[in-house]
Amino acid sequence: MNTWKKRAVYTYGILLMCAAFGAVAIAGGQPLKDNACGACHADYSTIMPKNHPDVGKAAACLTCHAQDPAKNEATKFSTEIHKIHQGEKAKLECSSCHAL
Ligand code: HEC
Ligand code: HEC
Ligand code: HEC
């Protein structure tokens, strides 16, 4: 590859990375859709982690795990849910859960 082509490739790569981080920044302000989990998981008992504290009958996860909207920081819960759906067990678009 000649130097100009290489430079073009690097520039393109950097632009792509900016776009990716930009998307995260925007999504940070974005709430979840209604029934974000129930749309795909009808039975919450099947997605309850095995080592989860006993909370009786499985209820919608976010009734307990909603994060403080003022902070908008990652919680252990959101980190875990992102990890699961961004490669570990599934590969979802952000918009599967977030109202973008
Ligand atoms: C667009 C569909 C979709 C949405 C929306 C969705 N999930 Fe999932 N989820 C999946 C798929 C596919 C898997 C991997 C297959 C499986 O384990 O059922 C999965 C797996 C999981 C697992 C792992 C289950 C296991 O096998 O250990 C958990 C926990 C989970 N989801 C929680 C959630 C929560 C909480 C939400 C809402 C914030 C959510 N999911 C929203 C599709 C979805
Ligand atoms: C009735 C309240 C309640 C419900 C409903 C609930 N949880 Fe939890 N969850 C907890 C409590 C309490 C802990 C322990 C928190 C701690 O140790 O800091 C926990 C911990 C967790 C953790 C470990 C990470 C962390 O925050 O400590 C994961 C992952 C998790 N829950 C996933 C789920 C999923 C998935 C659902 C829905 C299927 C769900 N929870 C529903 C109360 C709940
Ligand atoms: C399976 C559902 C799901 C998918 C897919 C998903 N998210 Fe999330 N996200 C959540 C949940 C649940 C929270 C915690 C929200 C709450 O408690 O209000 C969250 C919170 C966030 C936050 C706030 C900080 C944090 O980590 O808690 C950001 C930023 C974010 N998501 C970005 C994204 C981006 C970018 C994508 C796509 C690459 C994405 N999310 C895909 C479920 C999902």
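The values are calculated or read from the model by the stated rules, or taken from the named source; none is laboratory data. Here the structure is a predicted model, which means the values were calculated and not measured. Every residue, glycine among them, receives a Cβ derived from its backbone with ideal geometry; neighbour counts consider all protein chains shown.
Of all residues in the stretch 25-36, one or more are at pLDDT 60 or above and either among the aliphatic types (A, V, I, L, M) or in contact with a Lys or Arg (Cβ under 6 Å, 6 or more places away or on another chain) (or both).
Considering the stretch 62-89, the residues that are more than 13 Å from ligand 2 (Cβ to nearest atom) and under 11 Å from the mean Cα position of the chain (by Cα) include one that is surrounded by the most Cβ atoms within 10 Å (Cβ to Cβ), namely Gln86. Checking each residue of the stretch 55-69 against the condition of being out of contact with any Gly (no Cβ under 8 Å at 6 or more places or on another chain), of a type in the set (Lys, Arg) and assigned to a helix (DSSP H, G or I) gives no match. Considering only residues that are of a type in the set (S, T, N, Q) and within 12 Å of ligand 1 (Cβ to nearest atom), look in the stretch 62-74 and name the one that is nearest to Cys37 (Cα to Cα). The residue in question is Thr63. Taking the criterion of being within 20 Å of Asn35 (Cβ to Cβ) and either loosely packed, with under 14 Cβ neighbours inside 10 Å or without any contact (Cβ under 8 Å) to a residue 12 or more places away in the chain (or both), the residues of the stretch 49-61 that qualify are Val55, Lys57, Ala59.
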